[in-house]
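Here the structure comes first, spelled out in structure tokens, and everything after it is commentary.
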Amino acid sequence: MTNMQTDGIKPLSGKPYFHVIISKTHLRPRYAVGPSGNICSTLPSVAVPTILNCRGKSWEVIYNGQNRCKQFDSRGWENFVKGNNLKLGDACVFELMEHGEKKIVFEVQILRGDFPNECAGIGESEVEPIILYDFPGTGESDSPFVID
């Protein structure tokens, strides 16, 4: 089990949300991340300026809803990653506060995932990935997540 640091975490408001467990592809060039699950059907199918609010600060990204793989632009996401010192195993919860074809706003909460020493080395290769099967309370347990 991980020792999740939850300082400043607030309950969700009931609005749509998605979560991401930070993996290598989120942290280095190409800096790829985007909404998952049913929330994509709520968002426009065009490029939209998007604000990520987190811990009293805001980051501007572009949501690329016109693409087959709906993601935030890599430069904006890279700024968010570096500005929040995201690390492998951290979790981000993106709650959709406002959406339209002119602007999207997410409130983002970060849960720090510090792995205990006995987990050192696990998940550092495809031979021994970290597999997360269930996220209690999220309704997302249909398929496993693999942290690469």
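The values are calculated or read from the model by the stated rules, or taken from the named source; none is laboratory data. Everything quoted here is computed from the prediction, not taken from an experiment. Because the Cβ atoms are built from the backbone with ideal geometry, glycine has one as well, and the counts that use them run over all protein chains shown. In case anyone asks, the SASA skips ligands and DNA or RNA and just uses the protein heavy atoms, side chains included. Shrake-Rupley method; radii C 1.70, N 1.55, O 1.52, S 1.80 Å.
Residues of segment 32-54 include at least one that is open to solvent by less than 70 Å² (accessible area, probe 1.4 Å), assigned to a helix (DSSP H, G or I) and out of contact with any strand residue (DSSP E or B) (no Cβ under 6 Å at 6 or more places or on another chain).
When the residues of segment 1-44 are filtered to those that are within 20 Å of R75 (Cα to Cα) and over 14 Å from the mean Cα position of the chain (by Cα), the one that is modelled with the lowest pLDDT is R30.
Among the residues of segment 61-110, those that are exposed (fewer than 14 other Cβ atoms within 10 Å of the Cβ) and either assigned to a strand (DSSP E or B) or among the hydrophobic types (A, V, I, L, M, F, W, C) (or both) comprise C69, E98.
Within segment 35-78, how many residues turn out to be of a type in the set (D, E) and either without any contact (Cβ under 8 Å) to a residue 24 or more places away in the chain or more than 20 Å from I21 (Cβ to Cβ) (or both)?
2
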